[in-house]
Amino acid sequence: MRRLVAITVVLALALTGLTAASGVARAAQYTNPVLPGQQPDPTVARDGSTYYLSVTSRAWAPIFPMYRSTDLVNWKPIGGALQHPPAWAAPPFWAPELVDLGGQKLLYYAARLRGIRGLPCIGVATATSTGGPYRDSGEPLVCPPDGAIDPFVSTDENGTPFLIYRRFGGDGGIWAQQLTPDGRSVVGDEVLLLATQIDDEGVVEGPAVTRRDGVYYLFFAARDCCKPPCDYVEEVARSTSLFGPYTRDPQLALGSTPALRCPGHGTLVDDLLGGSWFLHHAVLRDDPANARRSTVLDPVTWQADGWPSIGSAGLPVVTGEGPPGFTAQQQAPLAPNLHAARLDLLWQWPWGLRPRVTQRDGAIVLRGSSRGAVLARQVAPVDVTMQVRVTPHACAAGLAGFEGAEDAGEAIGAEVTSAGRVRVWRGTTGAGAGRTIALSSRVRGPAAAARAAARAPRTLRMTIRDGQKVRFALKSGSRWVNVGSWVTTPANRGLIQLGMTCRGTGSSSARFDSLKIAR
């Protein structure tokens with residue numbers, strides 16, 4: 001029946017196109033993803049006519065980057081939800097959930113309990129506005145012996161709030177526990193809402209609950225999200241009670257297409273006219289390593305049988321009719337404007353290694369650190385080139401690419417040493433574990449470069465192919481000289497962040513200008 005409805009929709013769209021050809025304007029079209037790159041587990045909250053979105057940040061800061069939009073398609077960065085790492089937590093930081101509970105602005109999230117590796121817990125933070133910044137409560141909210149992740153908040157028929165989450169160990173499943181009215185504490189016992197089935201491969205997670213016409217709909221993801229090859233899917237179950245029993249829709253809510261693979265872990269949101277949308281993540285066709293889970297927007301249609309249909313008959317759309325208020329999709333430039341009055345909000349750094357950095361006169365000055373100062377940014381393309389002119393001042397400075405990881409991101413880079421040589425290294429960024437960047441190989445640059453003054457400006461280039469093959473080059477006069485040969489990424493998961501590094505003492509620094517990033 002639902003497939004017949006989908007065919008009807010396609011025919012209607014065709015007729016719409018004919019109408020447009022006859023002189024009636026068509027609605028503006030948008031293209032997925034709406035937030036490209038590594039932007040998984042999106043949460044979205046509407047505050048009046050403005051939408052706020054946050055995503056998993058794992059071992060990078062600012063923790064839980066925040067975005068703002070008025071049309072659900074174009075998202076402007078506004079900073080990090082958490083300005084400081086919570087005292088109780090260590091990375092990865094993932095699955096944020098923005099909640100308005102009776103006018104109280106809350107952020108629930110998952111992180112590992114500091115000092116006990118492998119135990120994920122759920123925390124809560126508060127703010128005066130949905131856009132943050134948020135202040136952590138100082139201790140975990142829920143921390144069962146086998147861990148808990150993927151928080152969501154819903155209310156029962158009496159308006160009592162409940163925290164809904166995935167139990168991380170044991171038999172897993174999706175559980176609920178009552179919250180106090182302020183949403184900052186839990187009371188009572190846990191209640192199992194949804195258990196795993198054989199087809200789930202032991203995983204049901206990313207719950208999102210909505211109530212419609214007296215029926216609770218529990219959206220959830222199942223199977224494997226991340227390890228290639230992924231087989232993630234989105235499903236939905238319903239019940240007349242928040243506590244079940246839940247009956248699963250026999251059809252998937254969202255399955256894979258060649259263009260948008262492994263969709264799931266999303267949030268429902270209503271537009272200004274009451275239409276329903278589902279923001280979730282998916283892996284793009286050109287990313288076989290599953291290094292990037294981009295944020296995708298799909299329309300939700302409620303069928304006559306009461307079940308929702310997401311996207312186009314349960315498949316994510318590549319191009320579709322935009323939400324109310326959407327007029328045109330804007331493409332953010334890959335490289336930041338170094339002549340801007342302040343540092344670009346898309347810059348990131350390892351969560352425990354906040355760099356000392358300033359931007360002025362068309363350049364970034366990065367202070368050195370013995371642990372390796374890093375200033376990086378996400379890049380969505382898997383084929384990309386980053387080029388920058390660097391002037392070291394007593395630090396080994398250069399370019400590096402960073403893989404996504406939970407605790408310590410694997411990295412590969414090239415730096416100009418104090419002796420004027422160019423050295424290629426592979427190792428860890430120091431993220432989370434606080435380890436010094438490890439140098440695994442030394443490659444001399446051209447003879448002319450080796451003889452150059454250590455503090456002279458040098459132009460370095462990093463070229464990435466397929467997200468996993470890297471080569472560095474140094475500009476000598478008007479030509480480029482390769483430094484070493486092509487190398488593969490340390491963990492074969494694809495480079496997500498590209499950035500600048502400065503390894504030295506606290507008084508050292510490096511000046512970076514003429515920054516270019518291009519496909």
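The values are calculated or read from the model by the stated rules, or taken from the named source; none is laboratory data. Note that the structure is a prediction, hence the values are computed from the model and not measured. No Cβ is skipped: glycine too gets one built from the backbone with ideal geometry, and neighbour counts run over all protein chains shown. These accessible areas exclude ligands, DNA and RNA; they are computed on the full protein's heavy atoms, side chains included. Shrake-Rupley method; radii C 1.70, N 1.55, O 1.52, S 1.80 Å.
Scan Asp271, Asp286, Asp298 and give me the residue that is among the charged types (D, E, K, R) and surrounded by 24 or more Cβ atoms within 10 Å (Cβ to Cβ).
Values: Asp271 fails: surrounded by 24 or more Cβ atoms within 10 Å (Cβ to Cβ); Asp286 fails: surrounded by 24 or more Cβ atoms within 10 Å (Cβ to Cβ).
Matching residue, one of Asp271, Asp286, Asp298: Asp298.
Ala313 fails exactly one of the following numbered conditions: (1) open to solvent by 60 Å² or more (accessible area, probe 1.4 Å); (2) touching a helix residue (DSSP H, G or I) at 6+ places or on another chain (Cβ under 6 Å); (3) of a type outside the set (Asp, Glu). What is the number of that condition?
It fails just one condition, (1).
From Ala95, Ala87, which residue is under 16 Å from Pro207 (Cβ atoms) and either at pLDDT 95 or above or out of contact with any His (no Cβ under 7 Å at 6 or more places or on another chain) (or both)?
Answer to the check: Ala95.
Go through (1) touching a residue at least 24 places away in the same chain (Cβ under 8 Å); (2) over 17 Å from Ser312 (Cβ atoms); (3) more than 22 Å from the chain's Cα centre (by Cα) one by one and return the number of the condition His265 breaks.
The failed condition is (3).
Hey, can you tell me all the residues within the range 269-305 that are in a strand (DSSP E or B) and closer than 30 Å to Gln468 by Cβ?
Once the filter is applied, which keeps residues that are in a strand (DSSP E or B) and closer than 30 Å to Gln468 by Cβ, the range 269-305 yields Leu279, His280, His281, Ala282, Val283, Leu284, Ser294, Thr295, Val296, Leu297, Asp298.
So in the range 469-519, with the set limited to residues that are of a type in the set (Lys, Arg) and assigned to a loop (DSSP other than H, G, I, E, B), which one is modelled with the highest pLDDT?
Residue satisfying both the conditions and the ranking: Arg519.
Yes/no per residue for (1) assigned to a loop (DSSP other than H, G, I, E, B); (2) closer than 16 Å to Phe162 by Cα; (3) of a type in the set (S, T, N, Q):
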| position | (1), (2), (3) |
| --- | --- |
| Thr210 | no, yes, yes |
| Tyr216 | no, yes, no |
| Cys225 | yes, no, no |
| Cys262 | no, no, no |
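Is at least one residue of the range 227-247 assigned to a strand (DSSP E or B) and open to solvent by 40 Å² or more (accessible area, probe 1.4 Å)?
Within the range 227-247, one or more residues are assigned to a strand (DSSP E or B) and open to solvent by 40 Å² or more (accessible area, probe 1.4 Å).
Taking the range 81-101, which residues are more than 17 Å from Val209 (Cβ to Cβ) and either assigned to a loop (DSSP other than H, G, I, E, B) or open to solvent by less than 10 Å² (accessible area, probe 1.4 Å) (or both)?
Across the range 81-101, the qualifying residues are Ala81, Leu82, Gln83, His84, Pro85, Pro86, Ala87, Trp88, Ala89, Pro91, Pro92, Phe93.
For the range 148-157, check the following and say yes or no: at least one residue is over 27 Å from Val300 (Cβ atoms), under 22 Å from the mean Cα position of the chain (by Cα), at pLDDT 95 or above and not charged (D, E, K, R).
Going through the range 148-157, the residues over 27 Å from Val300 (Cβ atoms) turn out to be 148.
From what's left, under 22 Å from the mean Cα position of the chain (by Cα): 148.
Remaining after also requiring at pLDDT 95 or above: 148.
With not charged (D, E, K, R) added as a condition, the list becomes 148.
Taking every residue of the range 148-157 in turn, at least one turns out to be over 27 Å from Val300 (Cβ atoms), under 22 Å from the mean Cα position of the chain (by Cα), at pLDDT 95 or above and not charged (D, E, K, R).
Does the range 370-393 include one or more residues that are outside any strand (DSSP E or B), touching a residue at least 24 places away in the same chain (Cβ under 8 Å), under 26 Å from the mean Cα position of the chain (by Cα) and surrounded by 24 or more Cβ atoms within 10 Å (Cβ to Cβ)?
Yes; the residues of the range 370-393 include at least one that is outside any strand (DSSP E or B), touching a residue at least 24 places away in the same chain (Cβ under 8 Å), under 26 Å from the mean Cα position of the chain (by Cα) and surrounded by 24 or more Cβ atoms within 10 Å (Cβ to Cβ).
Counting only residues that are over 30 Å from Ile198 (Cα atoms) and over 27 Å from the mean Cα position of the chain (by Cα), which one in the range 162-187 is surrounded by the most Cβ atoms within 10 Å (Cβ to Cβ)?
Result: Leu179.
Return the only residue of Pro308, Pro316 being in contact with a strand residue (DSSP E or B) (Cβ under 7 Å, 6 or more places away or on another chain), farther than 27 Å from Gln468 by Cα and in contact (Cβ under 8 Å) with a residue 12 or more places away in the chain.
Answer to the check: Pro308.
On the basis of being open to solvent by 80 Å² or more (accessible area, probe 1.4 Å), more than 16 Å from Val388 (Cα to Cα) and modelled with pLDDT of 85 or more, does Arg451 make the cut?
Taking the combined requirement at face value, the residue does not satisfy it.
With the structure loaded, tell me whether Thr358 is in a strand (DSSP E or B) and either acidic (Asp, Glu) or free of Cβ contacts under 8 Å to residues at least 40 places away in the same chain (or both) or whether it fails that test.
The answer is yes for Thr358.
Against the definition (surrounded by fewer than 24 Cβ atoms within 10 Å (Cβ to Cβ), within 12 Å of Tyr134 (Cβ to Cβ) and within 13 Å of the chain's Cα centre (by Cα)), how does Pro36 come out, yes or no? If you could, list the steps in order and put the result at the bottom.
Working: surrounded by fewer than 24 Cβ atoms within 10 Å (Cβ to Cβ): yes; within 12 Å of Tyr134 (Cβ to Cβ): no; within 13 Å of the chain's Cα centre (by Cα): yes.
No; evaluated as a whole, the condition is false for this residue.
Note down all Cβ pairs under 7 Å where the first residue falls in the range 331-346 and is of a type in the set (Gly, Ala, Ser), the second is surrounded by 15 or more Cβ atoms within 10 Å (Cβ to Cβ), and they're at least six residues apart or on different chains.
These pairs meet every condition: Ala335/Leu515; Ala335/Ile517.
Taking the residues in the range 394-406 that are open to solvent by less than 10 Å² (accessible area, probe 1.4 Å) and under 27 Å from the mean Cα position of the chain (by Cα) as candidates, determine which candidate is modelled with the lowest pLDDT.
Glu403
Going by the conditions given, is Ile164 in a strand (DSSP E or B), over 24 Å from Ala61 (Cα atoms) and in contact (Cβ under 8 Å) with a residue 12 or more places away in the chain?
When the stated conditions are applied, Ile164 passes them.
Would you mind stating whether Ser239 is under 16 Å from Ser154 (Cα atoms), among the polar types (S, T, N, Q) and out of contact with any Pro (no Cβ under 7 Å at 6 or more places or on another chain)? Talk me through it step by step, then tell me what you get.
On the way: under 16 Å from Ser154 (Cα atoms): yes; among the polar types (S, T, N, Q): yes; out of contact with any Pro (no Cβ under 7 Å at 6 or more places or on another chain): no.
The answer is no for Ser239.
Looking at the range 329-340, can you tell me whether even one residue there is open to solvent by 30 Å² or more (accessible area, probe 1.4 Å) and more than 30 Å from Leu375 (Cα to Cα)?
no
Take Ile464 and decide whether it is assigned to a strand (DSSP E or B), buried (at least 21 other Cβ atoms within 10 Å of the Cβ) and touching a residue at least 24 places away in the same chain (Cβ under 8 Å).
Values: assigned to a strand (DSSP E or B): yes; buried (at least 21 other Cβ atoms within 10 Å of the Cβ): yes; touching a residue at least 24 places away in the same chain (Cβ under 8 Å): yes.
So Ile464 passes the test.
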